[in-house]
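Heads up, the thing below is written out as structure tokens.
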Amino acid sequence: MRIARPHFLLSLILAGQLIFACSYEGADANANSADSSNANISSNSAQSANDNIEELGMLVTLPFEPEDSSWKETTSADGTKKLTAAIRFSDANADKVAAAAAQHRAPVPEKLATESWFPPELISQGDISGESALNGQSYAANDFIRPPYSEGKLIRIENSDYFILELTAR
């Protein structure tokens, strides 16, 4: 009987650890599931942005392969859908994009507020001005528009190969 008692206590301790480990894994899995759900919700929020160039290419026409992009889609209370993208092209392609856009409408100067999800280069350039704003030339976005988007503008940021694309769908 004395030998059975230590085995019983050892079995009880191991069973307790096993139960604790299983419940801990379950809690961790639930936490990961909750984090995943929150990530999906926040991907639609105003603060998050997507950097997948292929997905952007399914929403808009990209005349050249971008070197970098960050973008987001939002829907306002009145149902207006808006896509905003910060797109960087190579030096040569950026000039071609600007030249093609200028054929639709002459560029006009524009000042644009920086967004927290913009690439760091644009945010720092906006901070240099002291206004958290970027200066650029605004063009018609005709070469980028694809349904459901029907209107918009393309802004080339001064001293960079970045463009801010703003499209709306009603």
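Pairs of Cα atoms under 8 Å, at least six residues apart: use those to get the relative contact order of segment 76-143, whole percent. Spell out each step's value before the answer.
Values: 60 pairs, mean separation 24.4, N = 68.
Relative contact order for segment 76-143 comes out at 36 percent.
Suppose all protein chains stay in the model; what accessible area per residue would a 1.4 Å probe give for segment 54-154, in Å²?
Per residue, segment 54-154 has an accessible area of 51 Å².
The values are calculated or read from the model by the stated rules, or taken from the named source; none is laboratory data. No experiment lies behind these values; they were computed from the predicted model shown. Only protein heavy atoms, including side chains, enter the accessible area calculation; ligands, DNA and RNA are left aside. Shrake-Rupley method; radii C 1.70, N 1.55, O 1.52, S 1.80 Å.
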